[in-house]
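See below for the structure under consideration.
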Amino acid sequence: MAYKCNLSNGQQVYIENQGMQTVVTLSSGGPGQQQQASTGFQTGKWTVVPTLFKTSSGVILRIESKQGQSFVQLQAGGISTISGTPTLSDAEVLSLQQVEATPSKSMPPMEPMKPMEPMKPMEPMKPMEPMKMGDMEMKMNPMQMRMGNMSMEMGSSSSATSGKRFCPQCGAPVQTSDRFCSSCGYQL
Ligand SMILES: [Zn+2]
């Protein structure tokens, strides 16, 4: 057998006598994100239904058993016993509701999960640009390669181009009629 009281701050307090112990459970939050804090006190078996008081300093629970009176202070921060007898003359008695039992704690109070930061969508890959090789040209048969002002000839044609001249300074092909290299200006 347990007792329940709805506190004004949205919290619910459950009081249950379990053997010689009084288990006080503070429950807050709505379904799904309920937070519960339970504390047990050695109070002895209740002789009367506990009384819950609302005082200027918080909610105070009075438990009466064969061992005497026990007082428990319920605060947002926790549940703790009070040594001595608190002043309850100006306290307001809160009505307790009889419930079957303290709600099951099988569901541990979960901290609400922080929503995951959405992954930044990947930048779509830029389509590969066709390889640019500067002004490189390549011809086959006869194999000829030209890169900028450099050129290369290979194969059978090279012997046939014996008349061709190359600049001795930079190696650029020059015309036999040229007096200066068109590439570097070397005097031929
Ligand atoms: Zn040259």
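The values are calculated or read from the model by the stated rules, or taken from the named source; none is laboratory data. Note that the structure is a prediction, hence the values are computed from the model and not measured. Quick reminder, even Gly has a Cβ in these numbers, built from the backbone with ideal geometry, and neighbours come from all protein chains shown.
Where residues in region 163-187 are polar (S, T, N, Q) and touching a residue at least 12 places away in the same chain (Cβ under 8 Å), which of them is farthest from Met147 (Cα to Cα)?
Only one residue fits best here, namely Thr176.
Would you mind telling me which numbered condition in (1) farther than 18 Å from Glu100 by Cα; (2) modelled with pLDDT under 85; (3) buried (at least 18 other Cβ atoms within 10 Å of the Cβ) Ser8 fails?
Condition (3) is where Ser8 drops out.
Within region 54-71, identify whether any single residue is assigned to a strand (DSSP E or B) and out of contact with any strand residue (DSSP E or B) (no Cβ under 9 Å at 6 or more places or on another chain), and answer yes or no.
yes
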